[in-house]
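Here the structure comes first, spelled out in structure tokens, and everything after it is commentary.
The values are calculated or read from the model by the stated rules, or taken from the named source; none is laboratory data. Just so you know, these numbers come straight off a predicted model, no measurement behind them. Every residue, glycine as well, gets a Cβ built from its backbone with ideal geometry; the counts of neighbours run over all protein chains shown. Surface accessibility is based on the protein's heavy atoms, side chains included, excluding ligands, DNA and RNA. Shrake-Rupley method; radii C 1.70, N 1.55, O 1.52, S 1.80 Å.
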Amino acid sequence: MGKLDLIAARVAGGATVRFRPTGSSMVPLIRSRDLVTVAPVDPAKLEVGDIVLAKVAGTVYLHLVSALDPARGRVQISNNRGRVNGWTQHARVYGICVSVEDTPRPRAQGKIATPPDRVPDES
């Protein structure tokens, strides 16, 4: 299990996570080792151009939403250099990038998922 898998698990569990991804596939939006903040997302609110943490074909990416298929509940994920990673279901879209180097990402705030109210444990 890689670093992004562990981060995805935390975000899927409701945590907002700050980390420094590596690689050049998202330049100039995200440069290698930039500090990013990823929060849980409501996938139904996604738009083309959003940066999401998602699993496609067994690999977790911090990449762009490049197309939407709301009827089938899925999104297409691509890097910022034109390579399409593929389609993935809403359940595999864990989070949205809300900031890069503490600069807020446009339109991200309205897409953050709010955790459901928790019922207190009565044991």
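Out of G13, G2, which single residue is without any contact (Cβ under 8 Å) to a residue 12 or more places away in the chain, surrounded by fewer than 17 Cβ atoms within 10 Å (Cβ to Cβ) and small (G, A, S)?
Values: G2 fails: without any contact (Cβ under 8 Å) to a residue 12 or more places away in the chain.
That would be G13, the only listed residue that is without any contact (Cβ under 8 Å) to a residue 12 or more places away in the chain, surrounded by fewer than 17 Cβ atoms within 10 Å (Cβ to Cβ) and small (G, A, S).
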Checklist outcome for this item: With criteria (1) touching a Leu at 6+ places or on another chain (Cβ under 6 Å); (2) open to solvent by 40 Å² or more (accessible area, probe 1.4 Å); (3) without any contact (Cβ under 8 Å) to a residue 60 or more places away in the chain, Y94 comes up short on (3)
Checklist outcome for this item: Pairing a residue in the stretch 59-87 that is open to solvent by 20 Å² or more (accessible area, probe 1.4 Å) with any residue that is among the aliphatic types (A, V, I, L, M) and at pLDDT below 95, where Cβ atoms lie under 7 Å and the two sit 6 or more apart in sequence or on different chains, gives none
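Checking the conditions here, which among T114, T22 is at pLDDT 95 or above and either open to solvent by 50 Å² or more (accessible area, probe 1.4 Å) or of a type in the set (D, E, K, R) (or both)?
Working: T114 fails: at pLDDT 95 or above.
The match here is T22.
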Item to check | Filter result for T103 (modelled with pLDDT of 95 or more, polar (S, T, N, Q) and open to solvent by less than 80 Å² (accessible area, probe 1.4 Å)) | outcome: no
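Residues being of a type outside the set (G, A, S), under 12 Å from A44 (Cα atoms) and outside any strand (DSSP E or B): count how many of those fall in the stretch 68-91.
Final tally of qualifying residues: 3.
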Checklist entry - Quick check: anything in the stretch 41-49 in contact (Cβ under 8 Å) with a residue 40 or more places away in the chain and in a strand (DSSP E or B)? => result yes
Checklist entry - Which of the residues spanning the stretch 37-52 are open to solvent by 10 Å² or more (accessible area, probe 1.4 Å) and in contact with a Ser or Thr (Cβ under 6 Å, 6 or more places away or on another chain)? => result T37
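Counting just the residues of the stretch 92-118 that are assigned to a helix (DSSP H, G or I) and either more than 13 Å from the chain's Cα centre (by Cα) or not charged (D, E, K, R) (or both), which one comes out nearest to D5 (Cα to Cα)? Talk me through it step by step, then tell me what you get.
Quick first cut of the stretch 92-118, residues assigned to a helix (DSSP H, G or I) only: 92, 109-111.
Still in the running and either more than 13 Å from the chain's Cα centre (by Cα) or not charged (D, E, K, R) (or both): 109-110.
Values: Q109: 23, G110: 25 Å.
Applying the filter and picking the extreme gives Q109.
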